[in-house]
Amino acid sequence: MLFGHRNLILAEVEQDHMRVAGRFNAKVMDFIRPHVLPGVTTGELDRMIEEFTRDHGHGLACLGYQGYPKSSCISVNEVVCHGIPDDYVLKEGDIANIDVTSIVDGWYGDQSETFLIGQVSEEARRVTQCAFDCLHLAIDAVFPGCRVAEIGKAIMKEAQLARFSVVREYVGHGIGRRFHQDPSVPHYPSRQSHTDILEPGMCFTIEPMINEGVRNTVQDEFDGWTVRTKDGKLSAQFEHTILMTDSGPEILTPTEDGPQKGHRF
Ligand code: MF3
Ligand code: CO
Ligand code: CO
């Protein structure tokens, strides 16, 4: 942020590239939505995401990223993030986060949603609602020239009200011609986030992971990816890619059919 900071500010034409990438990524999310039902495997959903993206001539950011083996992340129940799609069959009562990142002409769009599979417990519904509300409260909290810390403050406040916890090990991030870049966007007010500024022309994600129990996580020692809650309780997440403009934040990954701000699960 201190040095390469100017490179993070996109010119108008570059902002338009990010709009195109974000809009396509949202189309992937709208495409997969009707298939997210009890009885489907996470591996089948991943294959559909891959095929749809390739059919449109675009790239899959997750596939091969630091050795990641699949095209999307699908994180069920106590899985916080980076769940690897496999032959797991989604069942009534599960909550499943699908995180999709595509590459359109070299530009990245990144977003995720947590889906309720059929009827779920009140606690599962509540943690999903909280993650969704945290994302939108954070979007509403940012403005041109604000500190990144506004995001963490808004999210911590909402999570604490609901008596849930906020994951710290995984954060939002700058995004553009690279998947992950500065600034780091923690979902709690870190020291660095009090000095980092969101200038007009910057693109970044907000992607709060909200846990039913403790905030701590454990990474799977065998696959090296799957991140679970330390206490085995539920975790939910939503993510959008955002462009800061002169007049405020613009969601670059808006879905047509997905939950909109104010939605009640
Ligand atoms: N999409 C995730 C994010 O929001 C990153 C997944 S990286 C992967 O930043 F390698 F696990 F796919
Ligand atoms: Co992201
Ligand atoms: Co993501």
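For segment 52-67, which residues satisfy the criterion of being part of a loop (DSSP other than H, G, I, E, B), on the phi > 0 side of the Ramachandran plot and more than 16 Å from ligand 3 (Cβ to nearest atom)? Listed by number, the list holds a single entry, Gly57. Residues in segment 210-237 that are β-branched (Val, Ile, Thr) and either modelled with pLDDT under 95 or assigned to a loop (DSSP other than H, G, I, E, B) (or both): Val214, Thr226. If the condition is being charged (D, E, K, R) and under 17 Å from the mean Cα position of the chain (by Cα), then segment 198-214 contributes only Glu207.
To keep it simple, each residue is scored yes or no on (1) within 16 Å of ligand 2 (Cβ to nearest atom); (2) in contact (Cβ under 8 Å) with a residue 12 or more places away in the chain; (3) farther than 17 Å from Lys233 by Cβ.
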{"position": "Val104", "(1), (2), (3)": "yes, yes, yes"}
{"position": "Glu113", "(1), (2), (3)": "yes, yes, yes"}
{"position": "Glu123", "(1), (2), (3)": "no, yes, no"}
{"position": "Arg126", "(1), (2), (3)": "no, yes, no"}
{"position": "Leu135", "(1), (2), (3)": "yes, yes, yes"}
{"position": "Ala141", "(1), (2), (3)": "no, yes, yes"}
{"position": "Gln160", "(1), (2), (3)": "no, no, no"}
{"position": "Arg163", "(1), (2), (3)": "no, no, no"}
{"position": "Arg177", "(1), (2), (3)": "yes, yes, yes"}
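Out of all the residues in segment 159-177, is one or more at pLDDT 95 or above, crowded, with 16+ Cβ neighbours inside 10 Å, assigned to a helix (DSSP H, G or I) and within 17 Å of the chain's Cα centre (by Cα)? The answer is yes; a qualifying residue exists. Restricting segment 243-265 to residues that are touching a Phe, Trp or Tyr at 6+ places or on another chain (Cβ under 8 Å) and in a strand (DSSP E or B) leaves a set whose member that is surrounded by the most Cβ atoms within 10 Å (Cβ to Cβ) is Met244.
Yes or no, residue by residue, for (1) in a strand (DSSP E or B); (2) surrounded by fewer than 14 Cβ atoms within 10 Å (Cβ to Cβ); (3) at pLDDT 95 or above:
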position	(1), (2), (3)
Met1	no, no, no
Val13	no, yes, yes
Met29	no, no, yes
Pro34	no, yes, yes
Gly39	no, yes, yes
Met48	no, no, yes
Pro85	no, no, yes
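Of all residue pairs spaced 6 or more apart or on separate chains, those with beta-carbon atoms under 8 Å, a first member in segment 5-31 that is within 18 Å of Gln260 (Cβ to Cβ) and a second member that is acidic (Asp, Glu) are Asn25/Asp110; Ala26/Glu256; Met29/Glu113; Asp30/Glu256; Asp30/Asp257. The set of residues from segment 103-134 being under 13 Å from the mean Cα position of the chain (by Cα), among the small types (Gly, Ala, Ser) and not in a helix (DSSP H, G or I) comprises Gly109, Ser112. Of the residues that sit in segment 180-209 and are within 16 Å of ligand 3 (Cβ to nearest atom), in a loop (DSSP other than H, G, I, E, B) and out of contact with any Ser or Thr (no Cβ under 7 Å at 6 or more places or on another chain), which one is farthest from Ala138 (Cα to Cα)? For segment 180-209, the residue satisfying everything is His180.
Of the residues Ser121, Ser112, which single one is away from ligand 3 (no atom under 16 Å from the Cβ) and among the hydroxyl-bearing types (Ser, Thr, Tyr)? Explain how you work it out, then say what you get.
On the way: Ser112 fails: away from ligand 3 (no atom under 16 Å from the Cβ).
After ruling out the rest, the residue left standing is Ser121.
When you scan segment 26-37, do you find a residue that is small (Gly, Ala, Ser) and within 26 Å of Glu250 (Cα to Cα), even just one? Looking through segment 26-37, at least one residue is small (Gly, Ala, Ser) and within 26 Å of Glu250 (Cα to Cα). Taking the stated definitions as given, is Asp46 at negative phi, among the acidic types (Asp, Glu) and within 16 Å of ligand 3 (Cβ to nearest atom)? Yes: the conditions hold for Asp46. Being more than 16 Å from ligand 3 (Cβ to nearest atom), closer than 21 Å to Pro186 by Cα and in contact (Cβ under 8 Å) with a residue 24 or more places away in the chain is the filter; apply it to segment 220-242 and report the residue that is surrounded by the fewest Cβ atoms within 10 Å (Cβ to Cβ). Residue satisfying both the conditions and the ranking: Arg228.
The values are calculated or read from the model by the stated rules, or taken from the named source; none is laboratory data. Just so we're clear, the structure is a prediction, and the values are computed from it rather than from any experiment. Don't worry about glycine lacking a Cβ; one is built from the backbone with ideal geometry, like all the others, and counts go over all protein chains shown.
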